[in-house]
Each structure stands twice: as structure tokens, then as C-alpha cells.
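S.K.: Let me give you the structure first, and then I'll get to my questions.
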Amino acid sequence: MTAETTTDTRPPVRFWPALDLHGVDFSPVLRSLMHEGPITRIQLPNGTGWAWLVTRYEDVKAVTNDDRFSRERVVEADVTRLAPHFIPVPGAVGFADPPDHTRLRRAVAPAFTRKGVERVRERARARLDELVDGVLADGPPADLTERLLMPFPLAVISEVMGVPAKDQQAVHDWTYDILSSSKGVDRSERAKHEMAAFFKQLIADRRGSGEEDVCSSIAAAIDSGDISAEESTGLAMLIQIGGEAVTNNSGNMLYILLTHPEHAERLRREPEIRPRAVDELLRYIPHHAAVGLSRVAKEDVEVCGVTVKAGEAVYNSYTAANRDPDVFAEPEKIDFDRTPNPHLAFGHGPHYCVGSLLARLESELLIGALLDRFPASLRLAMAPEDVPFRKGALIRGPAALPVTW
């Protein structure tokens, strides 16, 4: 995978504890591992054994695009991990390998093409305007997490999925329990099963609807024999859960703009650079509390000069890759003029995030609302260091974002 000489010498296993980091602080553990080498070994708080960790940009791209590393085999292995529970259910596209992965993605891809995303733009903007109108009418102070960052992405992904308004809060609560490492195994497992039962029924209700939402497309794929009924619930769940990740990622972006007024002021003056700014913020923010999903080697593979043996797990850190100084000049700096910006915030290879265009749209709309709808005097209602961030969350983000103006 690289031109380095292969060696049997293996780096020591480093324990990576569950850390509740504040704000957009870069993980000190990850920083130390990056300095230790392009490939290291880690042990996380749950699961068994250890796993390889790859942090260098080109190596991360190589591993994630190499079919000798399997997501599907992770399901059968108790890989060391951050969460005490394990999320996958049958059909979870994130834990499938080609050709099954390709087949599952094909069932939902039309909703996430550029045309499909543009179809929801104006309705999404209208919903966000309604939410902002309510905040402005009530006046300061306001919690942007409660008033915008939670309800807006939930409404958008739920519309794309076809989740009725009356069920959206329950779906959100299940998502939160599944993505929290502090709720306990029993609660997370219960949420997973309740959410699966909900989507099983929703997909059944959507059969023959002819609608363009994701659950209707999944129902049509069942009828055509492209996917099974069992696979359908896991597919729907993973897309819904991924859609709500916008809450935390966009929350981190708004936190940066509220704590760096010079960046916010520039984006007010130059709205044309906002799409570029979103990409830079996506590169910069820490998406995970530790690392995301692992892969298991199907055969011996040389990576960064060492042999990853068949059956061994590998984590790829997109967060670390996005700070690789060989690719990004001054990677610790937020630079809205950075171009090109080939960040890996949405992954790489076959598992590149299917909802990336929708996530970008939502982040652009939220940033636009912050800059254009609120007075220029908008500011945090407390010291930046006092803003609470989610505890025990697998995806980092502000639990509350209190502002005033």
C-alpha cells in the first residue's frame, strides 16, 4: 500500500479513553498517535483486543478504497470500540461490502443526487425560516441547539425519508439513545429495536405509494426483489441516523463562527464564498469523539510498512487525515481561501457518505440563517468555555448553544 519496507515490528498498543472534549478541541490522544507514526495500534474502552489506526491522508484513502478490508466482517467480530453497544442490524449499508453494498445504496441513491437534493431546497429553507421567525419573535436569549440545530435537520431528513411529523420526535429520541455511549447498553439496544419496528411498519405502509421519499423507494426495491424486507429496516435506520449527524456538525460550525467573529464578518461581506467556507469547516471540525467505523482485513495486507494480518481490525481517522500537513498547508488554521480542499469529512471509497450533498445544503442554510437573519450583534450568551458539549456522544457537538443579541 506504500513503498515503505515491510517490517514485523509492531508498535505498542495505546489505550484511547472515552474523553468528553470541549468545543472543537482536537483530541490530544489522536494528536499523540499521529505524531507516533502513520500506523499505530489502539485499544478503545469497549469490545475486545486492539485495532490498527491509520492517520495519514493517502494511507486513509488507500485503505478505505481497498476491497481487501471488509466492513461486513466487523459485524461478526467484537472489535475494540468506543461505544458499549453495537448498532448494526441486517441491511445496515455501512456494514455491507460490494456487491451487497452497491445494491443497497442503489435503492436509495435517487433521493441524494444533486437533483434529488435540490428538490427539497426550498422546502428546507422555508422550514428553517419558520424556525428563525419563532426565535426572533420570542427575542433573546435563545438556545440555537434547541430552536434550530435539532429541529431543522430532523425535519429535513424526516421529509426525505418520509417520516410523518407526528413520529419525528420519537425517531429523534431513538437516534440520540443509539448514538450515546453513556445511556447504557440496554437503553441503546431497546432504542435500536423500537426504531427498527417503526421503519419496518413505515416501509410496509409506503408500498405502492409512488412517492419520491426514501422509504417509498425502499418499498419499491423490496417489491422488485432488489432488497429483502429484513435488509430494508437497517438501510432506513442508518440513513435516518446519519441525517441527524448534521445537528452536531453544524453546531460545531456555528460555535466556531460565534467564537471567531472575524470569520463570521467575512462571510457576511462575501456570501459567495460560503460554500467554500462550509468545506473548510467540514475539514476542520472534529466529527467523532474518537474514531468511526472499523474494517477487518480479509487477507494479509501491507500498510505503512507493516503487515496487517487477516482478521485484524483497522480504523481510519478521517479527522486526522484532514489535518495532514502534507496535504493541507497550516492544517490547524481555518482558511476560507483554501483551494483545492480535498477533505475526507464524508469519507472515501465505496462508503463515501450517500447524504453528503444534503448535509452540505443544510449546513449552508444554517450558516446563512445565522449570518443573514439575526442581527450582527448576535453573540454567545455565556463564555465560550462554558458552552456545554454533549457528554458520552459518539458524534461531538454542542448540547446547547445559548445566544443573545
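The values are calculated or read from the model by the stated rules, or taken from the named source; none is laboratory data. Note that the structure is a prediction, hence the values are computed from the model and not measured. Positions of Cβ are backbone-derived with ideal geometry, glycine not excepted, and every protein chain shown enters the neighbour counts. These accessible areas exclude ligands, DNA and RNA; they are computed on the full protein's heavy atoms, side chains included. Shrake-Rupley method; radii C 1.70, N 1.55, O 1.52, S 1.80 Å.
S.K.: With r defined as the distance between the Cβ atoms of residue 193 and residue 43 and R0 fixed at 35 Å, what FRET efficiency is calculated, to the nearest 0.05? If you can, show how the numbers build up before the last one.
M.R.: Numbers: r = 29 Å, r/R0 = 0.83.
Computed FRET efficiency for residue 193 and residue 43: 0.75.
S.K.: Can you tell me the length gained on complete extension of the stretch residue 130 to residue 209, counting 0.36 nm per residue apart and subtracting the Cα distance? Mind dumping the intermediate values first?
M.R.: Details: separation 79, 0.36 × 79 = 28.44 nm, distance 2.86 nm.
Full extension from residue 130 to residue 209 adds 25.6 nm.
S.K.: Grab the chain and count how many Lys pairs have their alpha-carbon atoms under 16 Å apart, sequence gap of 8 or more, or different chains.
M.R.: Numbers: 183/192; 183/391; 192/200; 298/309.
Summing the qualifying lysine pairs gives 4.
S.K.: Right, another one. Check which residues have an amide H placed less than 5 Å from residue 303's amide H, if you skip close sequence neighbours.
M.R.: Under 5 Å from the amide H of residue 303: 308.
S.K.: Okay, moving on. In percent, how large is the relative contact order of the chain, given Cα pairs closer than 8 Å and 6 or more residues apart? Show your work: numbers first, answer last.
M.R.: On the way: 669 pairs, mean separation 113.9, N = 405.
It comes to 28 percent, rounded to a whole number.
S.K.: So for the stretch 329-374, taking the charge dipole from beta-carbon charges (+1 Lys/Arg, -1 Asp/Glu), which of 345, 356, 374 sits furthest toward the positive end?
M.R.: Going by the Cα projections, it comes out as 356.
S.K.: Got the relative contact order for the stretch 1-158 handy, in percent, Cα pairs under 8 Å and 6 or more residues apart? Don't skip to the answer; put the middle values down first.
M.R.: Details: 120 pairs, mean separation 24.0, N = 158.
Once divided by the residue count of the stretch 1-158, the mean separation gives 15 percent.
S.K.: Send over the Kirkwood Rh of the stretch 326-405, from the inverse of the averaged 1/r over different Cα pairs, rounded to one decimal Å.
M.R.: 15.9 Å
S.K.: Given charges of +1 on the Cβ of Lys and Arg and -1 on the Cβ of Asp and Glu, with all other atoms neutral, how large is the dipole of the chain about its Cα centre, in debye to the nearest 20?
M.R.: Values: 47 positive and 59 negative charges, 14 e Å.
Around 60 debye, computed over the chain.
S.K.: Ok, one more. When the accessible area of the chain is computed with all protein chains present and a 1.4 Å probe, what percentage of it is carbon and sulfur?
M.R.: 50 percent
S.K.: Also: If each DSSP helix of 4+ residues adds -39,500 (n - 2.57) and the sum is divided by the residues in the chain, what number results at 222 nm, nearest 500 deg cm²/dmol?
M.R.: Working: 14 runs with 176 residues, N = 405.
The per-residue figure over the chain is -13500 deg cm²/dmol.
S.K.: With the other protein chains left in place, how much accessible area per residue, in square angstrom, belongs to the stretch 202-251 at a 1.4 angstrom probe? Before the final figure, lay out each step's value.
M.R.: Details: 1780 Å² over 50 residues.
Using a 1.4 Å probe on heavy atoms only, each residue of the stretch 202-251 averages 36 Å².
S.K.: Under a 5 Å amide H to amide H cut-off, with H placed in plane at 1.01 Å, what residues pair with residue 396 once short-range neighbours are removed?
M.R.: Those qualifying (amide H under 5 Å, at least 5 residues apart or on another chain) are 288, 289.
S.K.: If contacts are Cα pairs under 8 angstrom and at least 6 residues apart, what is the relative contact order of the stretch 346-401 in percent?
M.R.: On the way: 21 pairs, mean separation 10.0, N = 56.
Relative contact order for the stretch 346-401 comes out at 18 percent.
S.K.: Residues of the stretch 279-296 with backbone nitrogen within less than 20 Å of a virtual label 7 Å along the Cα-to-Cβ line of residue 337, please, listed as ranges.
M.R.: From the stretch 279-296, the list is 279-284.
S.K.: Can you compute the modelled spin-label distance between residue 20 and residue 272, with each label point 7 Å from Cα toward Cβ, in nm?
M.R.: 4.6 nm
S.K.: On a full-extension model of 0.36 nm per residue, what is the gain between residue 78 and residue 10, subtracting their alpha-carbon distance, rounded to one decimal in nm? Intermediate values should be presented prior to the final figure.
M.R.: On the way: separation 68, 0.36 × 68 = 24.48 nm, distance 2.14 nm.
So the extension gain works out to 22.3 nm.
S.K.: Rounded, prolate or oblate: which fits the stretch 324-364, taking a ≥ b ≥ c as square roots of the Cα gyration tensor eigenvalues, rounded meaning a/c under 1.5, else prolate when a/b beats b/c?
M.R.: On the way: a/c = 3.07, a/b = 1.48, b/c = 2.07.
Here the stretch 324-364 falls in the oblate category.
S.K.: If you don't mind, there's one more thing I want to ask. Give, as ranges by residue number, the residues of the stretch 31-55 whose backbone N falls under 13 Å from the point 7 Å along Cα→Cβ of residue 300.
M.R.: none
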